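First the structure, in the form of structure tokens, and then the observations on it.
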Amino acid sequence: MKSTVEHLSPTRVRINVEVPFDELKPSFDRAYRKLAKQVRIPGFRPGKAPARVLENRIGRAPVLDEVVQEAVPAKYLEAVNSGEVRALGRPDFEVTKIEDGDSLAFTAEVDVRPEITVPAFGELSVSVDDQEVTDADVDEQLDELRARFGTLTGVQRPAQDGDFVVVDLSATVDGEEVEEARTAGLSYEIGSGQLVEGIDDALIGASEGETKTFATTLVAGEHSGREAEVSVVLNTVKERQLPELDDEFAQLASEFDTLDELKDDLRTRLARVKKMQQGVQARDKVLDALLETTEVPLPESIVQGEIDARKHDAVHEFDHDEAKFGEYLESQGQTLEAFDAELRESAEKAVRTQLVLDTIADAEQVTVSDSELTERIVYQAQRFGISPDEYVQRAQQSGQLGAIFADVRRGKALATVVRQATVTDATGNAVDLDELFGEQKADDETAAVDVVEGDVVESTEESNEK
């Protein structure tokens, strides 16, 4: 087999392949066996007719068609694997020559990973928020802790923000009742934002037994995106009584004997959280700085595939009814054109991120161990609320195991960049990344991956890379 590569653009090539017929013998053998099972020939059991007899019955053309359908993709992969082509997505095939008994020639146009020159990682510089834990931060944590140990007491007054109420709901669209919106005895905290928009304004100031109506836009169900008139009946009103902030509360809510000890522990925990937040900020800002200083030609078919996948997910919530989806966008003050523009921008960034991190992973010879892959699988399974075995089965069925591997590898590549970049806090102090990620080891960056990985390359698990 002979193959040559023509570069049509920085992101697309044409592979020209010519295969002698003697290399196609296995394909011919399989074609004869397959066709023989489909054709009834007197005197022969199904699948047992000799090739010469089969050709005399059906002709040579069906055999050649079968050979071409099998051989072209197989020989394309052979050509890709034997060269320096890093193909992305699906190729477009064209058979250019079939000389029976001599050779088969075809072309394959396919998007490829472009050549990318990345900057020196040490030249990247970003600033992150300070780590300081304020008294207000500690007080906020104490208030949340007190709320967990609070008690609800009925009150005889109009409802206020923060009250806990029990309500009945119903809704109509164009005068017709929305069955799925009807509910009774629903508990709700005013101001939590857990129900439909507009309900808080309707409830505040209402008294027990009072009915209020308001207009809102439904965001789910058959009438998603439509304006509805909602009626809410206020049944009961309760306010939360918080425990006194003293040593007794500290003993009730924690393992500490005094309130001061509890405050010190909260301050320590908050410091760790803010340190992690610095790590996440460093990850995101270093990636942005890397993308801003790196020229990345984008393969259009890969970008379009990312756009299609993201739009499919968005419209899926509306039963793939684009008209309903458009109505919903309009209710949110957004046009379909603006949505499409934002979608393309985010898709282009996702593809650019994948390509840059893959380039770095190759240059740095980043590898992924079995334990790292397992950790990623367990983490993803927990996110989806399923067992790791079930997650693996689903990934295998959808062909996503390779994407999971690539996602971990990209996370490790980004960790390499973050470690070498200059990161300072808002006051100009250098941020100790070893303290954030754990001390770097020559053969293990798992600690760094735990912080660096995550939603920054979220879409890479839907990568089309082959």
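In a residue-by-residue description of region 337-360, the property of being modelled with pLDDT of 90 or more, polar (S, T, N, Q) and more than 23 Å from residue 288 (Cα to Cα) applies to no position. Counting only residues that are more than 17 Å from residue 71 (Cβ to Cβ) and not β-branched (Val, Ile, Thr), region 103-120 holds 7 of them. Filtering region 161-179 to residues that are of a type outside the set (A, V, I, L, M, F, W, C), surrounded by 15 or more Cβ atoms within 10 Å (Cβ to Cβ) and under 16 Å from residue 193 (Cβ atoms) leaves only 163.
Within region 217-248, the set of residues being without any contact (Cβ under 8 Å) to a residue 60 or more places away in the chain and closer than 20 Å to residue 262 by Cβ comprises 244, 246, 247, 248. Residue count for region 69-115 satisfying the condition of being in a helix (DSSP H, G or I) and in contact with a strand residue (DSSP E or B) (Cβ under 6 Å, 6 or more places away or on another chain): 5. Considering region 344-358, and only residues there that are closer than 22 Å to residue 401 by Cβ and not hydrophobic (A, V, I, L, M, F, W, C), the residue that is farthest from the chain's Cα centre (by Cα) turns out to be 358. Given the criteria outside any helix (DSSP H, G or I) and surrounded by 18 or more Cβ atoms within 10 Å (Cβ to Cβ), does residue 366 qualify? Yes, satisfied. Being under 23 Å from the mean Cα position of the chain (by Cα), acidic (Asp, Glu) and on the phi > 0 side of the Ramachandran plot is a property that residue 288 lacks.
Taking the stated definitions as given, is residue 409 buried (at least 19 other Cβ atoms within 10 Å of the Cβ), in the same structural domain as residue 350 (by TED's automatic domain parsing) and in a helix (DSSP H, G or I)? Judged against the criteria, residue 409 is a match. In this structure, is residue 394 surrounded by fewer than 16 Cβ atoms within 10 Å (Cβ to Cβ), among the basic types (Lys, Arg) and closer than 30 Å to residue 432 by Cβ? No: the conditions fail for residue 394.
The sole residue among 323, 314 that is assigned to a helix (DSSP H, G or I), under 19 Å from the mean Cα position of the chain (by Cα), of a type in the set (A, V, I, L, M, F, W, C) and on the phi < 0 side of the Ramachandran plot is 314.
Does residue 179 satisfy being more than 33 Å from the chain's Cα centre (by Cα) and without any contact (Cβ under 8 Å) to a residue 12 or more places away in the chain? Here the answer is yes, as residue 179 does meet what is asked.
The values are calculated or read from the model by the stated rules, or taken from the named source; none is laboratory data. Values in this document were obtained by computation on a predicted structure and should not be read as measured data. No Cβ is skipped: glycine too gets one built from the backbone with ideal geometry, and neighbour counts run over all protein chains shown.
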